[in-house]
Amino acid sequence: MKLSYFKHTAKALLLAFTMGLASSCTSDLDVTPIDPSVSTEFDQNAVFAKIYASMAITGQEGATGDADISGIDEGTSSFYRLVWNFNELPTDEALCSWTDAGIPEMNFMRWSSGHGQLEALYARLYFGITLCNHFLEKTSGASDAATVKQRAEARFMRALNYQYLLDFFGNVPFVESVTSALPAQIKRADLYAYVEKELLAAEADMYDALQAPYGRADKVAAQLLLSRLYLNAEIYTGTAQWAKAAEYAKKVMDSDYTLSTNYAELFMGNNGENANARKEIILPIRFDGTNSQTWGGALFLIASTHTAGMGSWGTTSGWSGNRGRQALASKFFSTGIVPAGLTNATTAAGDARALFCTYGEYTEGSSTKTFVSTLPINDVATFKEGVSIIKFSNAYSDGSSPKNSNFVDMDVPFLRKAEAYLTYAEALLRNGGSTADALAAVNTLRSRAGATPFTTLTLDRVLDEKAREFYFEAQRRTDLIRYGYFTTSNYLWDWKGGSQSGSSVSSIYNLLPLPASDLNANGNLVQNTGY
């Protein structure tokens, strides 16, 4: 796969944004399709809509056809699917049973600079940056209120893509314009400073909390992303920013967003229409089973974690792929084993977030069969060995029917308020702040889950609570690196490093390598240490 990030410049400049796609991104972004064969005129709303849509869809023709990223299965090229795989599969949370090329390398932290999904992740992030650069260039100097807000959001989205590059790859090529010139490489600390500057600048012109059309980022989204940036500042720059992490997390906590009273409803097919769930979701990646069909995104989350016998999950797709490791079970059960015979483990765990299944019955032909999941995992390729996750579902909380029998309506709750409570607690503890305030923040989430409140708090307890609240939500790798646990022997989990009992791996895997194909194309780049 040829991976100069300008590979898709022409596509970015000649967008054909169709599909009533805008309805899956934001209701106010309906646009007239552009035919690139007859028009090269800049359509501001179309390009703006595509900036958001590039987080959800993978090309120009529905689930397959005219893909944004070439050289890889189109569904796999999905923004969230790629981010999810590299943030979950190498960690103590997820393990994939598939043996497709590249999956075992992610399961066991064995990737190289030629890894196909790694190359696609890199290309996907730069594709998003190219879209934002193009939009910002074409709208430079515009001062009308609508454009000012769009430009602020485009800067936010560019910063978001760069923040993932900062986290995954470290020192990366840096571009702020659409050009054919080979970009220079920016140091990780300098990119951190750039992302911080852009988010702070964007925040000022973005919508106030809950005032943006659903699906568009507002000031609180910028504040949450800043709190995440500051929480990891020591990793990125060598200098901790715990006070800033706590400050911006507190802004999110004090915002008009509120926690949903029902954890499971955050991850159901109608979460975007459910007022109870929607009030917690600061920024969704929107999906619609009719208008935004893709084999990535929300369908990937739902289908890859399900198979027959795991109840009804609102789609005919069940791919028997991703399940939880025993280490995840141990966060909810002291034995490390989810009790047998459960269609839903929440009661046994005393925690509404333990959305696990160990038993179910289903009909196949004229026969009634049973689904049984077991621990420990002795065979990585056997999906039913592991923690079977029923967290994500296309079923509707009000009992109504999804729009499509296969493609899903569930919005990925990409940024949600609950994260701020755990960021606040960790930052306070690390900075010598109020233990009582940190404890209260964590117990707010435990109370929502119906779990017994903590009476004492440690950093490790916060990390475990982060797993309970956000497992399978594409954050775990970053958390483990921040704690010094990702590659070291300080914390071992099942199948870490490819060993059933777990083993440490080289510290080089705290960063992904720059793709070999881009190193070959750009002599300005220096590879990350060890690759």
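For a quick check of your reading of the model, give me the residue pairs whose first member lies in the range 84-102 and is over 20 Å from D73 (Cα atoms), whose second is among the β-branched types (V, I, T) and open to solvent by less than 10 Å² (accessible area, probe 1.4 Å), with beta-carbon atoms closer than 8 Å and at least 6 apart or on different chains.
L95/I377
Kindly indicate the residue of the range 482-524 that is under 21 Å from A120 (Cα atoms) and polar (S, T, N, Q) and also least open to solvent (accessible area, probe 1.4 Å) among those meeting that condition.
Result: N522.
Would you pick out the residues in the range 220-240 that are in contact with a Ser or Thr (Cβ under 9 Å, 6 or more places away or on another chain) and either in a loop (DSSP other than H, G, I, E, B) or farther than 26 Å from R482 by Cα (or both)?
N232
Take E465 and tell me if it is closer than 24 Å to A329 by Cβ and either free of Cβ contacts under 8 Å to residues at least 60 places away in the same chain or of a type in the set (A, V, I, L, M, F, W, C) (or both).
Criteria met by E465.
Output yes when any residue across the range 252-266 is of a type in the set (S, T, N, Q), crowded, with 18+ Cβ neighbours inside 10 Å and in contact with an Asp or Glu (Cβ under 7 Å, 6 or more places away or on another chain), and no when none is.
Within the range 252-266, one or more residues are of a type in the set (S, T, N, Q), crowded, with 18+ Cβ neighbours inside 10 Å and in contact with an Asp or Glu (Cβ under 7 Å, 6 or more places away or on another chain).
State all residues of the range 380-414 that are over 23 Å from T343 (Cα atoms) and in a loop (DSSP other than H, G, I, E, B); if no residue qualifies, say none.
Listed by number, the residues that qualify are K403, N404, F407, D409, D411.
Does the range 50-70 include one or more residues that are charged (D, E, K, R), over 30 Å from T488 (Cα atoms), open to solvent by 40 Å² or more (accessible area, probe 1.4 Å) and modelled with pLDDT under 90?
yes
Could you list, in sequence order, the residues of the range 345-361 that are in contact with a Gly (Cβ under 8 Å, 6 or more places away or on another chain) and either assigned to a loop (DSSP other than H, G, I, E, B) or farther than 23 Å from V462 by Cβ (or both)?
G350, D351, A352, C357, T358, Y359, G360, E361 - these are the residues of the range 345-361 that are in contact with a Gly (Cβ under 8 Å, 6 or more places away or on another chain) and either assigned to a loop (DSSP other than H, G, I, E, B) or farther than 23 Å from V462 by Cβ (or both).
What pairs come up if the first residue lies in the range 426-444 and is more than 17 Å from D254 (Cα to Cα), the second is assigned to a loop (DSSP other than H, G, I, E, B), and their beta carbons are under 7 Å apart, counting only those six or more places apart or on different chains?
Here the result reads L429/L457; T435/L457, each pair linking the range 426-444 to a residue that is assigned to a loop (DSSP other than H, G, I, E, B).
Within the range 184-219, which residues are assigned to a helix (DSSP H, G or I) and either acidic (D, E) or out of contact with any helix residue (DSSP H, G or I) (no Cβ under 6 Å at 6 or more places or on another chain) (or both)?
Listed by number, the residues that qualify are D190, A193, Y194, E196, K197, E198, L200, A201, E203, A204, D205.
Here is a list: A352, A340. Which entry is touching a Phe, Trp or Tyr at 6+ places or on another chain (Cβ under 8 Å), in contact (Cβ under 8 Å) with a residue 24 or more places away in the chain and surrounded by 14 or more Cβ atoms within 10 Å (Cβ to Cβ)?
None of the other options fit; the residue is A352.
Evaluate the range 480-496: report whether one residue or more is hydroxyl-bearing (S, T, Y) and in a helix (DSSP H, G or I).
Looking for residues that are hydroxyl-bearing (S, T, Y) and in a helix (DSSP H, G or I), one finds none in the range 480-496, hence no.
Give K244, K250, K197, K219 a once-over and let me know the one that is free of Cβ contacts under 8 Å to residues at least 12 places away in the same chain, out of contact with any Pro (no Cβ under 8 Å at 6 or more places or on another chain) and either β-branched (V, I, T) or more than 15 Å from D167 (Cβ to Cβ) (or both).
K197
Out of the range 43-76, which residues are touching a strand residue (DSSP E or B) at 6+ places or on another chain (Cβ under 7 Å) and of a type in the set (A, V, I, L, M)?
M55, A56, A67, listed by residue number.
Hey, any hits in the range 316-331 for a residue that's of a type in the set (S, T, Y), within 23 Å of S97 (Cβ to Cβ), part of a loop (DSSP other than H, G, I, E, B) and in contact with a helix residue (DSSP H, G or I) (Cβ under 6 Å, 6 or more places away or on another chain)?
yes
The values are calculated or read from the model by the stated rules, or taken from the named source; none is laboratory data. These numbers come from a predicted model, not from an experiment. So basically every Cβ, Gly included, is an ideal-geometry build from the backbone, and we count neighbours across all protein chains shown. Each accessible area value is taken on the protein alone, full model and side chains, heavy atoms only, with ligands, DNA and RNA left out. Shrake-Rupley method; radii C 1.70, N 1.55, O 1.52, S 1.80 Å.
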